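A.B. asks: This is the structure I have questions about; it appears just below.
The values are calculated or read from the model by the stated rules, or taken from the named source; none is laboratory data. Remember, it's a predicted structure, so these values are computed and weren't measured experimentally. All Cβ positions, glycine included, derive from the backbone under ideal geometry; neighbour counts span all protein chains shown.
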Amino acid sequence: MTDPLASVWAAIDADPDYVTTLTQELVRIPSVNPKFEQGEGLNREADVQSLIDSRLTEIGFATESFETFPGRPNVIGNMAGSEDRSMILCGHIDVVPVGNRGNWKVDPFGAEIIDGKLYGRGAVDMKSGVAACIAAAHFIKKAGITLEGRLSLHSVIDEEAGGFGAMDVVARGHLAKSAIIAEPTWGMVQPAEGGLEWVRVTIIGRSGHAGMRYNDIFPQPHVPGRVTPAINAIELANRFLSALRDFEANRCRNNYHPLCPPGLSTINPGVIHGGVGIGADGLPLIRSNPAMTPDRVVIDLDYKFLPNETSAEIRKEFEDFVHHFAQTDPWMRDNPPTVQWELGGLHFAPMDTPIDHPLVQSLIAHHTGLEGVAPKVRGFDAVTDAAHYAGKGVQSVIYGPSGDGFHGDNEYVDVASLLRATKVIAAAVLDTCGVK
């Protein structure tokens, strides 16, 4: 009997242009996430998904499409099989804006191949990863192999703006036992990823006239008729940020995960608004009059935590910190800062798939077989759609091609790495789903 893996890899070697051509076709359809930039011909996610739907149908997947946002569909393909050995291959098709086109040496949507590099916005992040997943299924089918387990392919939107496409997919119950998210990993196998919360802290002061600031900060006798002192929320926020820096440093020193760089659990103050009053959007109403003592400061934080921490744990820890900070000031004891989690609906669960999980070991073994050296196994520094699958109990791993320029100029995917990723992903599918 012919070895299934040898048959699939031979089919890939016989037609290496399949995955590169598909990547080119995907890159040449601009699919800039409209939350970042809108323009004529720029936001063609639906056209990309139509192409992917047709490729999946050709392979033999049963497909369905549904919109997370108007005109922005996800595509799901399913190849029937047992649930015990079910598997998802996932990638996103939205891309970030091109930026300054003058800095590009090629057409950002031309998908030119120069010296073994395929250039274009989304080439490595991550249309090549999507193409590798489709190609893996294509060559398994071309080799005449029938899988025992269900194989699903998820082509999702909106990862660049928080992963709401993948959130929608898993909320609709499109799950499996395991998943590969084919983000670029530069030859690494990445079974871990820290969690991420966006959290808003609102600090409350008391407004007043800036001309009376002496009455607010300089000791005054409490005589009848004294104007009630204002309390500057920006100055309270300054103290809060100083305390937060110490809290963050203690977290970074005392937290550890073997696959993550030291200090990954950071808390970034990303956006701050100060002013007077509060609007329906949760932000100060008046933000342009320095003659008014501000009574509101809103601070939005990007709060990372480790793969072996839980959202419930870090939320309690942070809320306890805010509470104890407020106890240091008589005003804040009675008017404590408020904490709002999942700002903008954003929440990334942690992923911590064991290194000895069969999918992780399969990726390591087949990458090693192709490259002659074992890949590094480490955690992913940022966050991906893997979080949304892991949060629903899907044992997930990130593995994909290599390149450079993602979110920057002259983005490209290395073609050799794309072929390697296709082979390794196909091998992992055979191991995970099994062959009838």
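A.B. asks: Checking residue 321 against (1) in contact with a strand residue (DSSP E or B) (Cβ under 9 Å, 6 or more places away or on another chain); (2) not in a strand (DSSP E or B); (3) not β-branched (Val, Ile, Thr): exactly one of these is not met. Which one?
C.D. replies: For residue 321, the exception is condition (1).
A.B. asks: Sticking with this one: Look at residue 385 and say whether it is acidic (Asp, Glu) and within 30 Å of residue 108 (Cα to Cα).
C.D. replies: Considered against the rule, which asks whether it is acidic (Asp, Glu) and within 30 Å of residue 108 (Cα to Cα), residue 385 comes out as yes.
A.B. asks: Using the structure shown, decide if residue 139 is within 28 Å of residue 431 (Cα to Cα), in contact with a Ser or Thr (Cβ under 9 Å, 6 or more places away or on another chain), at pLDDT 95 or above and of a type outside the set (D, E, K, R).
C.D. replies: yes
A.B. asks: Still on this structure: Please find, among 193, 197, the residue that is over 30 Å from residue 239 (Cβ atoms), touching an Asp or Glu at 6+ places or on another chain (Cβ under 9 Å) and surrounded by 15 or more Cβ atoms within 10 Å (Cβ to Cβ).
C.D. replies: Criteria check complete, one pass: 193.
A.B. asks: Let me ask something else. Working only within segment 358-387, note down all residues that are among the acidic types (Asp, Glu) and outside any loop (DSSP other than H, G, I, E, B).
C.D. replies: Listed by number, the list holds a single entry, 371.
A.B. asks: So residue 397 clears everything in (1) of a type in the set (A, V, I, L, M); (2) outside the structural domain of residue 305 (by TED's automatic domain parsing); (3) more than 21 Å from residue 187 (Cβ to Cβ); (4) assigned to a strand (DSSP E or B) except one condition, right? Which one?
C.D. replies: Result: residue 397 passes all but (3).
A.B. asks: Let me ask something additional. Can you give me the number of residues within segment 110-155 that are part of a helix (DSSP H, G or I) and of a type in the set (Asp, Glu)?
C.D. replies: 1
A.B. asks: Here's something else I'd like to know. Enumerate the pairs (first residue in segment 130-154 and closer than 14 Å to residue 179 by Cβ and in contact (Cβ under 8 Å) with a residue 12 or more places away in the chain; second residue anywhere and of a type in the set (Asp, Glu) and not in a strand (DSSP E or B)) with beta-carbon separation below 9 Å, excluding pairs fewer than 6 apart on the same chain, so at least 6 apart or on different chains.
C.D. replies: Short answer, once both residue conditions are applied: 154/385.
A.B. asks: Which residues, counting only those in segment 380-436, are β-branched (Val, Ile, Thr) and within 26 Å of residue 120 (Cα to Cα)?
C.D. replies: 383, 384, 397, 398, 413, 415, 422, 424, 425
A.B. asks: While we're on this one: Taking the stated definitions as given, is residue 8 surrounded by 20 or more Cβ atoms within 10 Å (Cβ to Cβ) and under 25 Å from the mean Cα position of the chain (by Cα)?
C.D. replies: Against the criterion (surrounded by 20 or more Cβ atoms within 10 Å (Cβ to Cβ) and under 25 Å from the mean Cα position of the chain (by Cα)), residue 8 does not qualify.
A.B. asks: Do we have any residue at all in segment 192-206 that's within 30 Å of residue 252 (Cα to Cα) and outside any strand (DSSP E or B)?
C.D. replies: There is at least one residue in segment 192-206 that is within 30 Å of residue 252 (Cα to Cα) and outside any strand (DSSP E or B).
A.B. asks: In segment 343-357, what residues are in a loop (DSSP other than H, G, I, E, B) and either crowded, with 18+ Cβ neighbours inside 10 Å or modelled with pLDDT under 95 (or both)?
C.D. replies: Correct list: 346, 349, 350, 353.
A.B. asks: I've got another one for you. Of the numbered conditions (1) surrounded by 15 or more Cβ atoms within 10 Å (Cβ to Cβ); (2) more than 24 Å from residue 380 (Cα to Cα), residue 267 satisfies every one except a single condition; which is it?
C.D. replies: Only one criterion in (1) surrounded by 15 or more Cβ atoms within 10 Å (Cβ to Cβ); (2) more than 24 Å from residue 380 (Cα to Cα) is unmet by residue 267, namely (2).
A.B. asks: Still on this model: Which residue pairs have Cβ atoms closer than 7 Å, lie 6 or more positions apart in sequence or on different chains, and pair a first residue in segment 234-255 that is over 21 Å from residue 271 (Cα atoms) with a second residue that is surrounded by 15 or more Cβ atoms within 10 Å (Cβ to Cβ) and of a type in the set (A, V, I, L, M, F, W, C)?
C.D. replies: Listed pairs, sorted by first residue: 255/306.
A.B. asks: Report whether or not residue 107 is more than 26 Å from the chain's Cα centre (by Cα) and assigned to a strand (DSSP E or B).
C.D. replies: no
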